[in-house]
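To start, the structure itself, in structure tokens.
The values are calculated or read from the model by the stated rules, or taken from the named source; none is laboratory data. Being a predicted model, the structure only gives us computed values, none of them experimental. Here Cβ is always computed from backbone atoms with ideal geometry, including for glycine, and neighbour counts include all displayed protein chains. In case anyone asks, the SASA skips ligands and DNA or RNA and just uses the protein heavy atoms, side chains included. Shrake-Rupley method; radii C 1.70, N 1.55, O 1.52, S 1.80 Å.
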Amino acid sequence: MSHYQVVKGARDIFPDEMVQWKHVEDVMHWLARIYGFSEIRTPVFEYTELFQRSIGSATDIVGKEMFTFFPDGSGRSITLRPEMTAGVMRAALQKNLLASAPVQKLYYISELFRKERPQAGRQRQFSQFGAELLGASSPAAVAEVIMFMMHVFDELGLSGLRLRINSLGSIDDRRRYREALRAYLAPHYDRLDDASRERFEKNPLRILDSKNPDMQEIVAGAPRLHEHLGDEARRDFDLVLGYLSGRGIDYRIDHLLVRGLDYYSYTAFEVTSTALGAQDALGGGGRYDSLALELGSPKEVPAAGFAVGMERLLIAMQKQGLLPEAVPAGPEVCIIVPQQEFFDQAFALAARLRDEGISTAIDLAGRSMKAQLREAGRMRAASALFVGGDELSSGMFPLKDLDASFQETLPLEGAIARMRERSITKQDQP
RNA sequence: GUGAUUGUAGCUCAGUUGGUUAGAGCGCCAGGUUGUGGCCCUGGAGGUCGGGGGUUCGAGUCCCCUCAUUCACCCCA
């Protein structure tokens, strides 16, 4: 064993587990196409100010969870991205994407970094699957984003999900409510915990979703956010909910749902899974019309998006037995070399088969024939082709079906044809 | 950042009140079968007992420190 270990909060994904990741990712790519979202990749780091401006400097993410560094003597601070939305919006604005087409539908599967204490379902490096719909934030646009996300869960077979949704109202609605909330909380100030006291000034709405029972008790009597919504926000929210109901999507309105990022307004939502532990949020998102302005855009860019935690998704699926068997696909054929003196000719034959488009394995460690066969079985090769002195001189090769344990001796062309048949019938199976 | 938890072979774990060369199952390798995998049998390799210090004639076992893990708080995906 090496002295070196993975960095705290990071982890390796080995080939067996990659099979399961690929399965999940395939569904995402496929449904993205169905919903008309195009894939985007942005750099893992951005200038630090981008996140401070977008996520909000009072949030926990910016306050204590970012990996920030100075790459050279320039003094320009850089941060490993703790979320995707800011980077995607930055990229879209920089390229002026909306000028070429007024609505952009983008999605990604990317790695993020947050300096937290790791626990079940929480890592320092993690991945999110997410989508950002830029240029529209109508009720239908918001509903489409939610439908896309829920469709992925549905397609993957997940159960035990709860979609919670709320409207934070317009910027003005929020400002009015913030004052009403402060007025309510002020007499209780000495009962607030430290975190809530800090939020009292900067962002009192965040006190609403505190999990501290004492805070919840105080909050229970607070004025309700939805009572402060303007007519426009109410109408907007009702339309979003109508679309969801029409699609048969179950949701629960949660007036305390606020979410931790500053840029959300109007609809915000979150999905939790009963298959998860304490970190049970599988995904979340909302509408963020004001983000572009924060980032210096001359005009507002209506937008909505969601993000889903890949690791949590995999955990939930694992718990519910929804993951495929963790076995990488084996080759179509293993070349068995009984006598090492013929290795070079067998090796050349392997190359020939690969040129034919047949996935071919051959032992590179000079092991015994028994070991080669054992290896072929272990990696679930479909066939074994014996290549020794007799075969090379006669041009007739024993080809063994490793599942059926059936063997026939064929000229090379015949063996190739048989292997092709075999891989076709295999693919036809579910 | 706070609080607990657990560190013995690649994996899952045993290891008596401190007592010789630290074990098992699985996995891996080889042989049984001199050109045929899986099952079976036999054998083998593989361990700084997380690390450092201390107590003791003697420490995997006791004490201290440290590192790492896991879970929870906080917060979020």
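Indicate the gyration tensor shape class of segment A:67-132 (rounded, prolate or oblate), computed on the Cα atoms with a ≥ b ≥ c the square roots of the eigenvalues: a/c under 1.5 is rounded; otherwise a/b larger than b/c is prolate and the rest oblate.
Working: a/c = 4.43, a/b = 1.32, b/c = 3.36.
Oblate is the answer for segment A:67-132, as a/c is 1.5 or above yet b/c matches or exceeds a/b.
Alpha carbon centre of segment A:287-313 versus segment A:212-263: separation in Å?
Taking the Cα centre of each part, segment A:287-313 and segment A:212-263 sit 19 Å apart.
Given the options A:P43, A:P411, A:P15, which has the most mean-square fluctuation in a GNM of chain A, springs set between C-alpha atoms less than 10 angstrom apart?
Checking each option, the largest mean-square fluctuation is seen for A:P411.
How high is the relative contact order of chain A? Use alpha-carbon pairs under 8 Å, at least six apart in sequence, and give a whole percent.
On the way: 707 pairs, mean separation 68.6, N = 430.
Relative contact order, chain A: 16 percent.
With θ set to phi - 60°, apply the Karplus curve 6.51 cos²θ - 1.76 cosθ + 1.60 along segment A:364-376 and write out the HN-Hα couplings as whole Hz, x wherever there is a Gly or Pro.
Along segment A:364-376, the couplings run 10, 10, x, 7, 5, 4, 4, 5, 5, 5, 4, 4, 4 Hz.
Chain A: Rg/Rh from Cα coordinates, Kirkwood Rh? It would help to have the intermediate numbers written out before the result.
Details: Rg = 28.1 Å, Rh = 25.3 Å.
Taking Rh as the inverse mean 1/r over Cα pairs, Rg/Rh reads 1.11.
Which of these, A:R33, A:R76, A:R374, has the largest mean-square fluctuation under a Gaussian network model of chain A (Cα springs below 10 Å)?
A:R374
Is the C-alpha gyration tensor of segment A:134-217 telling us rounded, prolate or oblate? Criteria: a/c under 1.5 is rounded; beyond that, a/b larger than b/c is prolate, otherwise oblate.
Working: a/c = 3.82, a/b = 1.74, b/c = 2.19.
Oblate.
Given a 1.4 angstrom probe, what's the average accessible area per residue across chain A, in square angstrom? Could the numbers behind the result be given before it?
On the way: 21570 Å² over 430 residues.
Per-residue accessible area for chain A comes out at 50 Å².
Report, in degrees rounded to the nearest 10, the 0 to 90 angle that the Cα long axis of helix A:231-246 makes with the longest principal axis of chain A.
Helix A:231-246 and the main axis of chain A meet at about 30 degrees.
Show me the trypsin sites (Lys or Arg not before Pro) within segment A:157-234 that DSSP assigns to loop and that have at most 16 other Cβ atoms within 10 Å of their Cβ. Intermediate values should be presented prior to the final figure.
On the way: sites: A:R162, A:R164, A:R174, A:R175, A:R176, A:R178, A:R182, A:R191, A:R197, A:R199, A:K202, A:R206, A:K211, A:R224, A:R234; in loops: A:K211, A:R224.
Here the sparse-neighbourhood loop sites are A:K211, A:R224.
So, with a 1.4 angstrom probe, what is the percent of accessible area on segment A:118-266 that is carbon and sulfur?
Working: 3090 of 6830 Å².
That share works out to 45 percent.
Would you mind pulling out the separation of the Cα centroids of segment A:330-368 and segment A:9-33, in Å?
30 Å
Ordering A:S290, A:S245 by how much accessible area each has at a 1.4 Å probe, largest first, what is the list? Write out the running numbers ahead of the final one.
Values: A:S290 30, A:S245 65 Å².
Correct descending sequence by accessible area is A:S245, A:S290.
Compute the separation of the alpha-carbon centres of segment A:153-175 and segment A:389-427 and state it in Å as a whole number.
First find each Cα centre; the distance between them is then 56 Å.
Using helices alone, I'd like the mean residue ellipticity at 222 nm for chain A: each DSSP H run of four-plus residues gives -39500 (n - 2.57), total over residue count, nearest 500.
On the way: 16 runs with 175 residues, N = 430.
So the helix-based figure for chain A works out to -12500 deg cm²/dmol.
Running a GNM on chain A with Cα contacts under 10 Å, which residue among A:Y107, A:Y266, A:Y251 ends up with the highest mean-square fluctuation?
Of A:Y107, A:Y266, A:Y251, the Gaussian network model singles out A:Y251 as fluctuating most.
Two decimals is fine: what's Rg over Rh for segment A:153-295, C-alpha atoms, Kirkwood radius as Rh?
Numbers: Rg = 16.0 Å, Rh = 16.3 Å.
Radius of gyration over Kirkwood radius for segment A:153-295 works out to 0.98.
Relative to the first principal axis of the alpha-carbon coordinates of chain A, what is the inclination of helix A:412-428, with its axis defined by its Cα atoms, in degrees from 0 to 90 and to the nearest 10?
30 degrees
Show which lysines lie in cross-link reach of A:K115 when reach means a straight Cα distance below 26 angstrom and same-chain residues fewer than eight apart are skipped.
Within reach: A:K8, A:K64, A:K202, A:K211.
Whole number please: convex hull volume per residue, Cα atoms of segment A:333-428, in Å³. Don't skip to the end; give the middle numbers.
Details: hull volume 8.5 nm³, N = 96.
With only Cα atoms used, segment A:333-428 gives 88 Å³ per residue.
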